[in-house]
1. What residue among B:GLY387, B:ILE431, B:THR341 has its Cα farthest toward the positive end of the dipole of the range B:329-449, where the charges are +1 on Lys, Arg and -1 on Asp, Glu, each on the Cβ?
2. Round to a whole angstrom and tell me the spacing of the C-alpha centers of the range A:241-267 and the range A:180-217.
3. How many percent of the alpha carbon pairs in chain A exceed a separation of 37 Å?
4. Principal axis extents for the protein assembly as shown, Cα atoms only, whole Å, descending order, please.
5. Please compute the modelled spin-label separation between B:ALA450 and A:GLU193, points set 7 Å along Cα→Cβ, answer in nm with one decimal.
6. Taking Cα atoms, how many degrees apart are the long axis of helix B:460-469 and the longest axis of chain B, rounded to 10 and kept between 0 and 90?
7. For the pair B:GLN13/B:ASP199, report the inter-label distance in nm, with labels modelled 7 Å from Cα in the Cβ direction.
8. Going by alpha carbons, how many degrees (0 to 90, nearest 10) lie between the helix axis of B:87-99 and the longest principal axis of chain B?
Amino acid sequence: MTDLGAVAERLFEGVMAPLVLGGPLRPCHAIGERAALSLGEKRSSSGTDLAARVEVARVRAVRRIVPIDNLPGPSAADWALAAALNDVLQATNPGFCTALRRPLARRILRLACATIERVPPPRTVGEAVARHSWLARLMEVARTDTTVSWWTGSRTFFGVDAPGRLTAWPGLRRVRVTRTAVPVASLQPVAVESAAVEAALAGILARTPLTDVATCTREAPRFVWTTWTLGLVSSRGGQTLALRAVARLEPSEVAQTLERATRELRERGGAGDPGGAASAMLEEWRVRSATRARTRP
Amino acid sequence: MGEALLERIALHQTRLNTPGLGLDSKGVALGAKGLLLLPSVDRLVALLAAYTRERSLEDLLPALAIHLAHSKLGTREVVVEFPAESSDRMDRMADVARLVGGFAFTGTSRHFVQYRDAAAPFGYDATDLLSTDAQLALYHGRFSQTYDLERPIDLRSLLIRIMPRLEPGTRSLAGPRIVVVEPGLGGTLVSYLLRSGVDGVVCMVEWPPANAFDDAPVRRWILRLPSFPPRMGSLLHETPGLTSFVPTATGVAVEAGYRHPIELQACPVFGGGGLVLLRGGGAEPWVVDHLPMLAPLRAFARVGFATTPGEPPVGASVGGGEILRVPLRVVASGRPWRNVTATWIASEQLPLLRRLAYALPHEIVTRALVAITPRGAFLRSPAGIEGFPGVFYVEVHPDLFVPAGHDVTPSVSSEALAKAVGAPATHVTFIGPDSRVVAIERTAFAPLEAALVEAAPWDALVAEQIAAALDEPIELKVTTIGLLPMRGVEPIPEGG
């Protein structure tokens, strides 16, 4: 029997807190669909110093777009999404890149996607803000790959520091250390298809529509209008929050992304944009960016 | 017209045929009266105009009589009778009458003979008197004629009926003015004159309705101004509803831009508490039989009531200089605003300042100093204070402020004002619009940016950590997957 309390504690310390506070994010042991969906039952993260710091940081983060002073603690959906993210990150662990373990990574990723599928979208703008406070920096997660080269060879370390013996006597051995930050959507090598990782990340973003819009200029996964993002911006308050969130991005990139996504939405037809929310968002963004450009000294 | 019945009087002649005719000390034939025969009324006007140019009618008026007379031939002429008194007066009257085409006679009751001329230095005498019942028998060298008096001509009425001539130059004359103002403009003009420091008196005059269709009297303001600034000339002379008159004599004035043909100052027929306003352009004159009581313009000044009826201290000893001192007053001024570097925000307006704080530019916030007092907040900013609400102040002297758009009276220099206020050098002094003086210690002014920001509601150490954390990158660390990476990884059971 899995000790959900211990799992939640490890998940909070290893993934949820770093996702808000920054610093090293250490995914824990794969959690699985069943445990992930059970983590949030009567769960509370408060009472510890780390939890207090996380709460304050969440408020500080969302106050960039909305003046609120209190945020609710993590909900069951937040726990489930965090657990799914943990499993997605775990599935990209290079340790699975062996012939025998590769299927395990695929299974972990498939269960993570199943978990994501079971998470409902936020019902209110307040819930969207609360969920955004946890996952706002999702697309900032990057793995630092270190390549150490010396006079007779080289070696790459994925997400771990190079051992000291390889960097010893750097002058004599002509050691060169190259560190590269690799975004979470572009991790290589991985035991699963990169497209599957992108799809899982897109699924998580779809469950937090404010984060999805706020990171719309990302390279991967590409931003597309979903039912949930359209639902957010179709409300007056949601559109305002979305506009404030994208105001922190490069205006030209935002314009290009929103125009492309809106054009694709029209081309898709069908469910499309029945209320014109995407078009209204785009028009409002154009007006605001033009006004800001005129008033900028 | 009968034939001439006159003969020249010789030197030392003592007997005269004409009754009432005698010789004065110079030997000139002279009756008790003088008489001028003028062919028409306009000649009469010309005579009056010419005579009054240098002489006053004052000595003639008591016995002056002007009549319209007609002869047996049916001609109507004007007869002017006056006391002859002396040959000097008669000479002057005869000269003027000759100038205007009239004839001069002298006599006592009914028979008047031609007054002397160059041909008869001692005058004339009638050889044969006309036997007639006519009221006047005039004997002239060229005619003898009897006249009956038809009706008298009142000099005052004549002067009122004469239309003034156009003469625009009288508008630019300095001096007193009488201004008749239509009712709708009266209050406004009085206020304007008060503000401009023009002194004068004012009354309201009523005339009967102009016709039977009007049932209300016609009312107009009449202002008497001893003088007025030249800049007001256009206002008083050209504003519709305002009619300006130049007083020409006691009780009479002529509209500015016109001049009466007769020197009215030489005709003391007006007065008696009334006022005659002669209008140009053919308009009927305004005649006020009895002028109402005139009130000074100052009576219409806005009045204020002291909140506490303070009695001046009785028996307090004062120095010589104290006698001259007057309270400081702050009055509105039209001067442009310069050096506006302070503002006073009343306590009830402080919420507005708090709301504006979010919109104020960085430069304004960093440069402004604020002092919070029980009467509100005082802000100073050497770069200008226009971004703030409240009552703006101008720095007229180092650390001495007066409200923008206002002047301090008596109009003294800023140095004298600072000395009079007497605030210590360590204080910043504000003279309010209500003339109250407030002095604030200079050290009470603190940077506005320090006063605006509230204290953070959480621990400073934590806040620093959080602030740093929000910018710290998230680094994905690869952990070991363990020997049993799938332990506990289970899907939701079917139907779960």
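Read-outs: derived from the displayed coordinates by stated rules, not from any lab. Note that this is a predicted model, so its numbers are computed, not measured. No Cβ is skipped: glycine too gets one built from the backbone with ideal geometry, and neighbour counts run over all protein chains shown.
1. Sorting the options by dipole projection puts first B:ILE431.
2. Cα centroid to Cα centroid, the span is 18 Å.
3. The proportion of pairs with Cα distances above 37 Å equals 21 percent.
4. 177, 77, 57 Å, listed from the longest principal axis down.
5. 6.6
6. Helix B:460-469 and the main axis of chain B meet at about 80 degrees.
7. My value for the distance between the label points is 6.4 nm.
8. Helix B:87-99 sits at roughly 80 degrees to that axis.
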